[in-house]
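Asker: Following this message is one structure expressed as structure tokens.
The values are calculated or read from the model by the stated rules, or taken from the named source; none is laboratory data. Since this is a predicted model, take the numbers as computed values, not measurements. Virtual Cβ from ideal backbone geometry, glycine too; neighbours counted across all protein chains shown.
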Amino acid sequence: MWWPANLVQVSLFRALHEKEKRAKGGYTRLQFFTIVFICSFAYYAFPGYFMPSISTISVICLVWSRSITAQQVGSGMSGLGLASFGLDWATVGNVHQAKRFPIFSSGTFDSTGHPYNITRILNDKSFDIDLAAYDGYSKIHLSIFFAFVYGLSFATLTATISHVALFDGQDLFKKATAASKARFADVHTRIMKKNYDVVPQWWFILVLIVSFFMALYAVEGFGQQLQLPWWGLIFACVLAMVSTLPIGIIQATTNNQIGLNVITELMIGYAYPGKPLANVAFKTYGYISMAQALSFVEDFKLGHYMKIPPKSMFIVQLVGTLVASSVYFATAWWILESVPHVCDLDVLPEGSPWTCPGFDVFYSASIIWGVVSPRRMFGDLGIYREQYWFFLLGLLAPFPNKKWIKLIHMPLILGASASMPPARPVHYWSWAAVGFFFNYYVYKRHKGWWARHAYILSAAMDAGVAFMGILLFFALQSKDIYGPEWWGLDASDHCTLAKCPTAPGVQVKGCPAIS
């Protein structure tokens, strides 16, 4: 298992620390990194401040500015993103009455096509669902793309189990047997074992025990705020432990982590329905525990590559986690207290970075799985009950057990849309174009340049964007200075009709009436 994400960091660390003689007419890796970093840093001022609109450009919307269908197909932010692209590095049947709703949206809707009014069905004191009010109002509807993404999430989970069992099961057994007998074929492991002491098991056990009892205190001491009973915490921890190995294998070989968010929401939604806060708490303990464990393993692999003592890696990760958690919490608290109308797109000024697309998805998920429950969405009482067939589809997708089929990575294919939303089609088109250009064309035609510079280029581009983003925020955006007022300040793709329904008779503000 090579953990591809570490290769970028390894290339960067080597460029920063290894002494290298510059070839005549060329650059050292550090010089190349510095040049790209400066260019990326300077360029991000345009999509990050002066002209956010270049983050997504939709050609079809510019040509057919009055067609709802054309804009739904061409919008990179609210449609399918055909012929859309971004210049920012940081970037048909009426099934389920789909024509009543936007084709691509992370929101929830009522039967009339308007945003779902959650206050009509939620008890404002206990945050439980009022079933009488729900039955008298409307079932929750999703955009057809959002509903389909949930189906693919179901398929991804079962495909992961099948794929790992079929193609990695025998190898896992051999490696587990070798590890139990202290026989290691990996050269990095042998070097580390020879030169450094391993981390004692009791260090890991101590961290696990302390973390568990702190979490137990949180769910029991703040039961009204979190709604999650003690057994829910244990259930979440067991789920995280069971899932870490198969999902870790996928991440270590493809650089993509299969999310546990949907399966955690599904399980607690059936076990403890109508409790939105319990649902998000269970998802956090179940999903993030696994994600943090895999991040821990990935960093240890980086330590293997760079020959860093395991005990030092453990201590640094532990301290870093504590510091980062404190900083994240303080930053979130400060933003909520100091930024007016944070996450409220209707009143935020143009150019504001506080749009919170990820939190919008998190909120919708808490309604779908927590308030309404999976049974009323995808079960026998729901309108999306067919989505459960995706579980079977995913389970069968990796079969049969043939060597060439292993190269068709079904968990990766089915899980490709896991980031949508909040990611948009324009992001996927841009990722695909950049990935194809560098990992196919450049790799095939200029393999030497690719091996020497590709990962350093990626690191420099990311670093430039990050540093300019921090500078823009503290120097300008934190003082409510969002750039010059002109059409380029609009961060949308100017496809205003892409969010409109296409069913006749549905009236939505800002959309033309269809008869």
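Asker: Cβ contacts < 7 Å: first residue closer than 25 Å to Ser126 by Cα, restricted to the stretch 273-297; second residue aromatic (Phe, Trp, Tyr), any location; separation 6+ or different chain. Result?
Answerer: Here the result reads Pro276/Phe127; Leu277/Phe127; Ala278/Tyr272; Asn279/Trp369, each pair linking the stretch 273-297 to a residue that is aromatic (Phe, Trp, Tyr).
Asker: Name the one entry in Val347, Val319, Val342 that is at pLDDT 85 or above and on the phi < 0 side of the Ramachandran plot.
Answerer: Val319
Asker: Same structure, new question: With the condition being basic (Lys, Arg), I'd like the helices (runs of 4 or more DSSP H) fully within the stretch 379-449 carrying at least 2 qualifying residues.
Answerer: 403-406
Residues checked against (1) in contact with a strand residue (DSSP E or B) (Cβ under 9 Å, 6 or more places away or on another chain); (2) among the hydrophobic types (A, V, I, L, M, F, W, C); (3) assigned to a helix (DSSP H, G or I); (4) surrounded by fewer than 16 Cβ atoms within 10 Å (Cβ to Cβ):
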{"site": "His304", "(1), (2), (3), (4)": "no, no, yes, no"}
{"site": "Phe314", "(1), (2), (3), (4)": "no, yes, yes, no"}
{"site": "Val319", "(1), (2), (3), (4)": "no, yes, yes, yes"}
{"site": "Val347", "(1), (2), (3), (4)": "no, yes, no, yes"}
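Asker: Within the set of pairs 6 or more residues apart or between chains, which connect a residue that is within 21 Å of Thr34 (Cα to Cα) inside the stretch 435-458 to a residue that is of a type in the set (S, T, N, Q) and surrounded by 14 or more Cβ atoms within 10 Å (Cβ to Cβ) with Cβ atoms less than 6 Å apart?
Answerer: Filtered contacts from the stretch 435-458: Tyr455/Ser11; Ile456/Ser11.
Asker: Ok, one more. Condition (residue is hydroxyl-bearing (Ser, Thr, Tyr) and farther than 30 Å from Trp334 by Cβ) applied to the stretch 449-470: is it met by at least one residue?
Answerer: Scanning the stretch 449-470 turns up at least one residue that is hydroxyl-bearing (Ser, Thr, Tyr) and farther than 30 Å from Trp334 by Cβ.
Asker: Restricting the stretch 235-275 to residues that are among the hydroxyl-bearing types (Ser, Thr, Tyr) and in a helix (DSSP H, G or I), which is surrounded by the most Cβ atoms within 10 Å (Cβ to Cβ)?
Answerer: Thr264
Asker: Oh, and also: Can you name every residue in the stretch 418-434 that is surrounded by fewer than 20 Cβ atoms within 10 Å (Cβ to Cβ) and either among the β-branched types (Val, Ile, Thr) or at positive phi (or both)?
Answerer: Val434, the sole residue that qualifies.
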